[in-house]
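Below is one structure; the comments refer to it alone.
The values are calculated or read from the model by the stated rules, or taken from the named source; none is laboratory data. No experiment lies behind these values; they were computed from the predicted model shown. Cβ sites come from the backbone with ideal geometry, for glycine too, and all protein chains shown count toward neighbours. All accessible areas refer to the heavy atoms of the entire protein, side chains included, with ligands and DNA or RNA removed. Shrake-Rupley method; radii C 1.70, N 1.55, O 1.52, S 1.80 Å.
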Amino acid sequence: DAINFYGNSSKLTPRSIPSVSALFKLMKKNKKMVIRVEGHVNQPGQAPDPAFAQQLSVDRAQTVADYLTSNGIEKERVTTLGFSNKFMLFPNPKNDTEGEANRRVEINVISIK
């Protein structure tokens, strides 16, 4: 399921916790899996400035990486990257649900050796 965040924050929404936990369990089971956590933010105008939006996307990715590594996943298996608002799911959100969907991280599996 989705890994989403509160607006202008790198704090996970409560309904994101099961997804982060499931990712942790998957990585524990697959000891050779290497991932990249990619952070995203909402549409332009929602963030105070482009530098803030970029940093927020990095911080969101780092929040998930920190959860994994603080629970025992090796740091070498998790990298992070922030995309700011370059790859929004809903460039012109029609409602809060669509807007929230843009505030997310995506998990990219780099390798499973």
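Numerical summary
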item: Some residue of segment 12-31 being within 18 Å of ASP96 (Cα to Cα), in a helix (DSSP H, G or I), open to solvent by 20 Å² or more (accessible area, probe 1.4 Å) and of a type outside the set (Phe, Trp, Tyr); result: yes
item: Extreme residue, modelled with the lowest pLDDT, among residues of segment 32-50 that are part of a loop (DSSP other than H, G, I, E, B) and exposed (fewer than 15 other Cβ atoms within 10 Å of the Cβ); result: GLY45
item: Segment 6-46, residues that are within 12 Å of the chain's Cα centre (by Cα) and polar (S, T, N, Q); result: SER9, SER10, THR13, SER16, SER19
item: Matching residues, segment 65-109, being outside any loop (DSSP other than H, G, I, E, B), more than 11 Å from the chain's Cα centre (by Cα) and more than 19 Å from TYR6 (Cβ to Cβ); result: LEU68, THR69, SER70, LYS75, GLU76, ARG77, VAL78, THR79, VAL109
item: Candidate set from segment 77-110 (those that are more than 21 Å from GLN55 (Cβ to Cβ) and in contact with a strand residue (DSSP E or B) (Cβ under 8 Å, 6 or more places away or on another chain)); member that is most open to solvent (accessible area, probe 1.4 Å); result: ILE110
